[in-house]
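Everything below concerns the one structure shown next.
The values are calculated or read from the model by the stated rules, or taken from the named source; none is laboratory data. The structure displayed is predicted, hence computed values, not measured ones. So basically every Cβ, Gly included, is an ideal-geometry build from the backbone, and we count neighbours across all protein chains shown. Areas reflect the complete protein model, heavy atoms only, side chains present, ligands, DNA and RNA absent. Shrake-Rupley method; radii C 1.70, N 1.55, O 1.52, S 1.80 Å.
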Amino acid sequence: MNMQVPPPVAGDGAQPKRRRPPRTPKGRQVDPAALDEVRALLTDRPRRRDLLIEHLHLIQDHYGHLSAAHLAALAAEMKLALTEVYEVATFYAHFDVVKEGETPPPPVTVRVCDSLTCCMMGAEKLLNELPARLGPDVRVVRAPCMGACDHAPAVAVGHVQTFKATVENVSAAVQAKPHAHAFHPGTDLAAYTQAGGYKLLKQCLTGKRTAEDLIKIVSDSGLRGLGGAGFPTGRKWSLVRAEPAPRLFAVNADEGEPGTFKDRHYLERDPHRFIEGVLIAAFVVEARDTYVYIRDEYPEIRLMLLEEIERVAQAGLSPHTKLHLRRGAGAYICGEESAMIESIEGKRGLPRHRPPYVAQVGLFGRPTLEQNVETMFWIRDIIEKGAEWATSQGRHERKGFRSFSVSGRVKNPGVKLAPAGITMQELVDEYCGGMLDGHAFKAYLPGGPSGGILPASMANIPLDFGTLEKYGCFVGSHAVVILSDRDDIKLAALNLMKFFEDESCGQCTPCRVGTEKAAALMAQGPWNVDLLTELSTAMRDASICGLGQAAPNPLLCVIKYFPEELTKPLGKW
């Protein structure tokens, strides 16, 4: 009788059946041709993680998009997980990631700014008419503020901007296929040096000036961070200098707040005054490396700074710190100091939790000084002319001066250097030539979208740090947008909320979901004031960073100061 013997069971001394090895390695395979193309672009550049965004730019600039094959090749070349590369590439708006099997974008991309001022000046009309005019070989997309609000509406063909854009001049720009190139700055190294530039820096490097003396002068002058937060500069220098070495320095040239363009103004006209201020601050805190993070919307300025920084190094003016220029990729959140530091490190621009603060644990884990462009621009003048020079200016019991980026319904928009404490009515009348003909002053943004909206009846409040907070507003980066009786206040607030919705990094739910829900509710019929107020409270109290905390400000200002607008139907641009 034949009896079937059951197969041995593991643990009975039986040998487990061996699996055949896979024919190919796990994960996405690297295309040899794509790897050769990536290596050809990188040449001998270091493959460090903090250069990931720079390397992504190289590929994007050359091929017009980031293909799945090139991302896999870059990950292999940099010895990173593909997920690390992919999450960074998809975070930033200026990177066009094309998945496997998808069609790459057309060869030309036209970005139309849809920030508040540009919409007031006709951006929506351009968005509606340009696709048919330019044809299928040109992609037309919305884009956030390009820092050209005084020339609204602004449109970027590739990376080159067209000011006061029309269908005709944008069409002409597309035909011309423009490329960004470095321009000659208003004051170059030779002219700046001949006029006394870098004399103060040399005094610092030779020991004629001490860090303690400089900190005292800057502190006595009342200079504050002019990027929006307004933290006292001298105090920040002292805090960072007290931390253990090595220390680093990060400069924020990523002014992405709609309505802000003052940093662009100063960099174009006098870049070496800014560079000297940076080198002096690096001397004070003994920063061995200095990183300037500039927004991708300013390609000509970036190329110009690359050249001027190289000239400064060749002239032996930066022996105490090495200057690095890093390129943003279209993310407003990277204007927040810790998000900017994450981006410099080659990561997604996600704000960090505090503490520890950047001054303690910042870039690459080291104590880091963080400043903005305009603050550095005034360092030389304040130290050479003395604190009394700065404090002698001002109005309405305020001291100092401020650079206002003014746009909207005024005759003469632009950067206005005015006394601290000037009122909005004085700014419009004395510095902007008054309102446009046929327009009556109705409302204003004192500090960009984050700073809220106030009615013209409150245009006699001094504009400075600490003067507007009790009204639910603040001056922030001093980005002023003037609205007239022809503008729909609810529509303006919705535009600002949509901006925050698009620019939220998505890290925290109150901001990510709150901005989306608020925009949807604001786009509906009569506003549900109780629900919008409750939602705003949750965003303010629970968001990680200032974006979510300040996003409800325009909405709440409309409810508080423009109650007559709440029952009106939402208008159109």
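Observations, loosely collected:
- Filter result for ARG326 (surrounded by 20 or more Cβ atoms within 10 Å (Cβ to Cβ), touching a strand residue (DSSP E or B) at 6+ places or on another chain (Cβ under 9 Å), among the basic types (Lys, Arg) and farther than 20 Å from GLU501 by Cα): yes
- Selection from the range 396-426 of residues that are within 21 Å of VAL481 (Cα to Cα), touching a Gly at 6+ places or on another chain (Cβ under 8 Å) and open to solvent by 30 Å² or more (accessible area, probe 1.4 Å): LYS411, ASN412
- Among residues of the range 146-168 that are in a helix (DSSP H, G or I), those with a beta-carbon under 8 Å from a residue that is among the charged types (D, E, K, R) at least six positions away or on a different chain give the pairs HIS151/LYS164; VAL167/GLU129; VAL167/ARG133.
- Selection count where residues are out of contact with any Gly (no Cβ under 8 Å at 6 or more places or on another chain) and open to solvent by less than 30 Å² (accessible area, probe 1.4 Å), scope the range 39-56: 3
- Inside the range 250-263, residues that are at pLDDT 95 or above and touching an Asp or Glu at 6+ places or on another chain (Cβ under 7 Å) make up a count of 6.
- Of all residues in the range 534-573, those that are among the hydroxyl-bearing types (Ser, Thr, Tyr), open to solvent by 50 Å² or more (accessible area, probe 1.4 Å) and within 28 Å of the chain's Cα centre (by Cα) total 1.
- Residue under evaluation GLU268, criteria (1) open to solvent by 30 Å² or more (accessible area, probe 1.4 Å); (2) more than 25 Å from HIS94 (Cα to Cα), criterion not met: (2)
- Pair list, Cβ < 8 Å and 6+ apart or interchain, from the range 346-364 residues that are open to solvent by 70 Å² or more (accessible area, probe 1.4 Å) to residues that are among the acidic types (Asp, Glu): ARG348/GLU87; ARG348/GLU342; GLN360/GLU243; PHE364/ASP50; PHE364/GLU345
- Against the conditions (1) of a type in the set (A, V, I, L, M, F, W, C); (2) out of contact with any strand residue (DSSP E or B) (no Cβ under 6 Å at 6 or more places or on another chain); (3) open to solvent by less than 60 Å² (accessible area, probe 1.4 Å), ALA242 satisfies every one except (3).
- Within the range 344-367, none of the residues are within 15 Å of SER477 (Cβ to Cβ) and modelled with pLDDT of 95 or more.
- When residues of the range 524-533 are limited to those that are among the hydrophobic types (A, V, I, L, M, F, W, C) and surrounded by fewer than 18 Cβ atoms within 10 Å (Cβ to Cβ), the one farthest from ALA339 (Cα to Cα): VAL529
- Filter result for LEU305 (free of Cβ contacts under 8 Å to residues at least 60 places away in the same chain, touching a helix residue (DSSP H, G or I) at 6+ places or on another chain (Cβ under 9 Å) and hydrophobic (A, V, I, L, M, F, W, C)): yes
- The criterion of being out of contact with any strand residue (DSSP E or B) (no Cβ under 9 Å at 6 or more places or on another chain), within 29 Å of TRP378 (Cβ to Cβ), of a type outside the set (Asp, Glu) and surrounded by fewer than 21 Cβ atoms within 10 Å (Cβ to Cβ) holds for LEU205.
- Among the residues making up the range 513-523, those that are in contact (Cβ under 8 Å) with a residue 24 or more places away in the chain and either open to solvent by 20 Å² or more (accessible area, probe 1.4 Å) or over 21 Å from the mean Cα position of the chain (by Cα) (or both) are GLY514, ALA518, ALA519, MET522, ALA523.
- Flag if ARG302 is open to solvent by 10 Å² or more (accessible area, probe 1.4 Å), basic (Lys, Arg), touching a Pro at 6+ places or on another chain (Cβ under 7 Å) and modelled with pLDDT of 95 or more: no
- Residue within the range 210-217 that is charged (D, E, K, R) and in contact (Cβ under 8 Å) with a residue 24 or more places away in the chain present: no
- Of the residues making up the range 107-122, those that are outside any loop (DSSP other than H, G, I, E, B) and either open to solvent by 20 Å² or more (accessible area, probe 1.4 Å) or within 21 Å of TYR298 (Cα to Cα) (or both) are VAL108, THR109, VAL110, ARG111, VAL112, CYS113, LEU116, THR117, CYS118, CYS119.
The rows are residues; the columns are (1) touching a strand residue (DSSP E or B) at 6+ places or on another chain (Cβ under 8 Å); (2) surrounded by fewer than 20 Cβ atoms within 10 Å (Cβ to Cβ); (3) at pLDDT 95 or above.
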| residue | (1), (2), (3) |
| --- | --- |
| GLY452 | yes, no, yes |
| SER457 | no, yes, yes |
| PRO462 | yes, no, yes |
| TYR471 | yes, yes, yes |
| HIS478 | yes, no, yes |
| ILE482 | yes, no, yes |
| ILE489 | yes, no, yes |
| LEU494 | no, no, yes |
